[in-house]
Every structure is written in C-alpha cells, then in structure tokens.
Amino acid sequence: PTRIRTLHLRQFKEQGRRFAMLTTYDAMTAGIFDEAGVEVLLVGDSAANVMMGRESTLPITTDELLVFAKSVVAGARRALVVADLPFGTYEASPQQAVETAVRFMKEAGVHAVKVEGDAELAPHIRAMVSAGIPVIGHVGFTPQSEHALGGYRVQGRGDAAQKVLTDARAMEEAGAFAVLAEMIPADVMALLDADLKVPTIGIGAGAAATGQVLVWQDMLGLGEGRTPRFVKRYADLRQVMTEAVSSYRQEVLEGAFPGEEHSF
Ligand code: KIV
Ligand code: NA
C-alpha cells in the first residue's frame, strides 16, 4: 500500500475528505489499525497514562516514548506515524526541539512529531521544519500544561476563542502541516478549520475538523471507569478480555485446559 504522507492530508482537506487518527503504542495494534485503514497513527505521550499507569503525561521520558514509537513504526505499513515530543524535551529552545525531534525521526523512524503549545512555540516549529521534520501543533487543551491551565477544562470559550485561532495561525505560519485542537467548542473548531489552509484534527472539538483522533483504549473500551464526554466507545474490550481470561482460569482450575488437541 502507498504510504500516507503529510501531502495527502493536505489534499484530503482540499478535496473535502476527512481522515482518522488513532493512538497506538505497539506493533500489533499498529498493524490492526493500519489494516483497518486509519490514516494517521499517533504515538501519544498518553502512553504515560494508558501504558504506564501514570496520573498524567508529564513523567514520560524520551527514552521511554522512543520504545513505543519504534514498535509502532515496525507494525505500520501504510499509515503516517506521528510521535509526541514529551513534556520538558522541546520547550526550552528551538535547538532543544530539533534535537529531540531528530531522535524520534532517526532512532524510531517516525514520519512526523507533535508538540503542544501556543504562538510562542512558533520559532521551535520553524526550526524543526527547517531541519526537515514535519510537525503538528497541538492547541486548545494541552495536557502537558494541565497544572498551568487549572485542570481538564474546555479551552477557547467566549473571548478565549481568539487566542486558540491566533495560536493555530502562528503554528501554520511557522510551517506546521496540521493543527490538532483538544477540547474546544465545536463552533470554534469550525472557525479554525475555515481559517487554516492546513488540515485540522479534533478531539473533543466537534465534527468540523478535517480529521478526528482518539486514544485507542478509550474508544475500544479497554479502560475501567468513566471516559470523557468526547469519547465514543465502539467496543467493550474490557468485558471481552475479562470473560475470556476468566474462562481460561476456570478451565485451568478444572483441568479442562489443555485438552488432548493442545497436548503432545
Ligand atoms: O497523547 C495523546 O494521546 C494525544 C491525543 C489524544 C491528541 O495527544
Ligand atoms: Na499527547
């Protein structure tokens, strides 16, 4: 299959087509999602939450996320693979951003990176793009800034809408090939997508974006407890797995597994 390129995402927007993005952190799920046709795979720093059991995305290191990224690249044949740059590995300077992004491109083989921030990140994005690294800018609610933003809350309501638009425009001008917006009102996303030439990607941002993204464990129902309002559960893998594992254990206890057909 022909590899999806950043250029194709731009063409999708121009043609009024949408695309799907999904997080993934390992080769097997990357292969499944790729085969299902998902255009963009995101090795999100949400790996800190869903893979490592941490409370936030802040603690994950470059070395840790690189392992996940390498695994996804190995499992993806057609999808564009994007990796997050972890908190604290790019904000200090454009040079720091280039150095970290180069590690993801070179050591993991991802095709692009994503950074969270606002207009102040434009020089960092420009430096990475100059170095040949395609970049997605992540605006609106940015989980790495959870403590500065005062928790998980919708951004860009009322007068704050203008800041989201300004931040996104600055990222586009700096050379970002797409802008991802998290938890902003649907009508602000509509303005944003109309304002930018590059494709937009939404999560908790309504249906007007060029593409949508979700965390795979959320959308396949693997996690326990409540999921955010913007998540739709397309399956209940937690129940499927719990039932299967209980059956296995039961059969082991009863001596029903392994059967003759599983024995030598
Ligand atoms: O890390 C992540 O999973 C993300 C997406 C949810 C946008 O950044
Ligand atoms: Na992320």
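No lab work stands behind these numbers, since they all come straight from the coordinates. Just so it is clear, the structure is predicted and the values come from calculations on it, not from any experiment. When we count neighbours, we look across all protein chains shown, and the Cβ atoms used for this are built from the backbone with ideal geometry, even at glycine.
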Which ³J(HN,Hα) values in Hz, rounded to whole numbers, follow from the phi angles of segment 46-60 under the Karplus curve 6.51 cos²θ - 1.76 cosθ + 1.60, where θ = phi - 60° and Gly and Pro get x? 4, 3, 4, 7, 7, 9, 10, x, 8, 6, 9, 7, 4, x, 5
Residue (of PHE12, SER93, VAL67) at the positive-pole extreme of segment 6-233, dipole from beta-carbon charges: PHE12
Cα-Cα over 25 Å, subset of LYS163/LYS197; LYS70/LYS232; LYS163/LYS232: LYS70/LYS232; LYS163/LYS232
Along segment 241-247, Karplus-curve 3J(HN,Hα) (6.51, -1.76, 1.60; θ = phi - 60°) to the nearest Hz, with x for Gly and Pro, reads 6, 4, 5, 5, 5, 5, 4
Run the helix sum for the chain: -39,500 (n - 2.57) per DSSP H stretch of 4+ residues, divided by residue count, reported at 222 nm to the nearest 500 deg cm²/dmol. -11500 deg cm²/dmol
Quick check on segment 6-233: what does the Kirkwood estimate of hydrodynamic radius come out to from the alpha carbon pairs, in Å? 17.2 Å
For segment 142-152, 3J(HN,Hα) per residue [Karplus equation, 6.51 cos²θ - 1.76 cosθ + 1.60, θ = phi - 60°, Hz, x = Gly/Pro]: 10, x, 5, 9, 3, 6, 6, 8, x, x, 6
Ranking of MET21, MET52, MET183, MET128 by count of other Cβ atoms within 10 Å, fewest first: MET52, MET183, MET21, MET128
Kirkwood-Stokes translational diffusion coefficient of segment 63-109, alpha-carbon pairs, 10 °C, 1.306 mPa s, µm²/s: 143 µm²/s
Treating segment 9-59 as a set of equal point scatterers at the Cα positions, no solvent, please give the Debye-formula log₁₀ I(q)/I(0) at q = 0.17, 0.23, 0.24, 0.28 Å⁻¹. -0.62, -0.84, -0.86, -0.98
Excluding ALA92 itself, what net charge comes from residues whose Cβ is under 13 Å from its Cβ, given Lys and Arg +1 and Asp and Glu -1? -3
